[in-house]
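Here the structure is laid out as structure tokens; the discussion comes afterwards.
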Amino acid sequence: MTMTELATRLIPLSTGVTLNVRSGGKDGAEPILFLHGFPESHRTWRHQLPDLARDFFVVAPDQRGFAGSDKPVGVENYETGRIVADVMALADALELKHFTLVGHDWGGAVAWATALSHPLRVKRLVVVNAPHPRIFQESLIDDEAQRAASQYIRAFRSPLMEAGIKAMGLGAFFDKTFGSHADLTRITPEERQEYLDEWSQEGVLTSMLNWYRAAKVEVPAMGEEAKKPLWLHAPFPSVRPPTLVIWGLRDEALLPVQLAGLHALVEDLRLVTSASAGHFIPWEEPDTVTSAIRDFMAETA
């Protein structure tokens, strides 16, 4: 097989958006598609891509609303169904009939949804610190600690949030966003500047926050008596592709309760945890994530 150097290019999709996509690796090898979360970009996977590109064909877009990709106006453009459609349109554009899908944070939420809705296309699923939709919604109703940890979602949905971020300054937002969840020494000054440059683009704060505003998850206020949404009373489809969940247990936003009950919802589940990593484990402990993915790919070949 020939090798293609990792490179970034713009790819227009049938969904009407153009995504900035990092890709490369072994031509014709098994494809792995990576989805980042908030408030990052394809650079979430800056350690995994060059390593895994030695044996696989890797693809990592900036998702809509982030970094170098299109930022359509309007909350409705960030509903999960539209973003799942982007994933499938990108796979189609690259002629990936079947692929392994990896997602972190919001990218993990999209990955869960994609595997549930397109089980014949998603060959394997890897989810990194991103809760299963049913478990997450139940925990926001029943688990006081998780509800408290998720109150930031209510804040992010506020129409005043952008003004608040601008008032504190992007540097302070960086320190608050990552400092409470990760070891900031894992981010070089050059990488920090990349984040600040991405966030400085016109409209990007709104488009990133619109992911939270468009999400259907209900986050009750503390002390609020909340009833479970009707869909929680109905049977939930199981995840069919072989699934690897990687979890940094020091995650202060998504607590270990998110791992409870996964076996009942996933037909073929593997779980890798780290007691020393937090939410941003892809670059906090990159070797843990890369090795787990490599082992998973080998076990399910």
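The values are calculated or read from the model by the stated rules, or taken from the named source; none is laboratory data. What you see is a predicted model; the values in this text were computed from it and never measured. Quick reminder, even Gly has a Cβ in these numbers, built from the backbone with ideal geometry, and neighbours come from all protein chains shown.
Is it true that some residue in region 139-158 is within 23 Å of THR290 (Cα to Cα) and at pLDDT 95 or above? No, the conditions are met nowhere in region 139-158. Taken over region 231-278, the residue count meeting the criterion of being of a type in the set (Lys, Arg) and in a strand (DSSP E or B) is 1. The residues on offer are ASP92, ASP70, and the sole one that is in a helix (DSSP H, G or I) and either within 24 Å of GLU190 (Cα to Cα) or among the charged types (D, E, K, R) (or both) is ASP92.
Quick check on this structure: which one of TRP247, TRP231 is aromatic (Phe, Trp, Tyr) and under 21 Å from the mean Cα position of the chain (by Cα)?
Working: TRP231 fails: under 21 Å from the mean Cα position of the chain (by Cα).
Of TRP247, TRP231, the one residue that is aromatic (Phe, Trp, Tyr) and under 21 Å from the mean Cα position of the chain (by Cα) is TRP247.
Does region 45-59 contain at least one residue that is within 20 Å of ALA215 (Cα to Cα) and small (Gly, Ala, Ser)? No, that holds for no residue. Checking LYS227 against (1) closer than 20 Å to TRP106 by Cβ; (2) out of contact with any Asp or Glu (no Cβ under 6 Å at 6 or more places or on another chain), which test does it fail? Failed condition: (1).
The one condition from (1) outside any loop (DSSP other than H, G, I, E, B); (2) in contact with a Lys or Arg (Cβ under 6 Å, 6 or more places away or on another chain) that PRO119 does not meet is (1). Only one of the numbered conditions (1) modelled with pLDDT under 95; (2) buried (at least 16 other Cβ atoms within 10 Å of the Cβ); (3) of a type in the set (Gly, Ala, Ser) is not met by GLY37, and that is (1).
Can you say whether GLU225 is farther than 30 Å from GLU299 by Cβ and modelled with pLDDT of 95 or more, as far as the supplied structure shows? No: the conditions fail for GLU225. Where helices (runs of 4 or more DSSP H) sit wholly within region 164-230, those with at least 2 residues that are free of Cβ contacts under 8 Å to residues at least 40 places away in the same chain and not charged (D, E, K, R) occupy 170-179, 189-199. Within the set GLU218, GLU285, the sole residue that is touching a Leu at 6+ places or on another chain (Cβ under 8 Å), at pLDDT 95 or above and among the acidic types (Asp, Glu) turns out to be GLU218. Of everything listed in (1) over 26 Å from PRO220 (Cα atoms); (2) surrounded by 15 or more Cβ atoms within 10 Å (Cβ to Cβ); (3) of a type in the set (Ser, Thr, Tyr), the single unmet condition for THR188 is (2).
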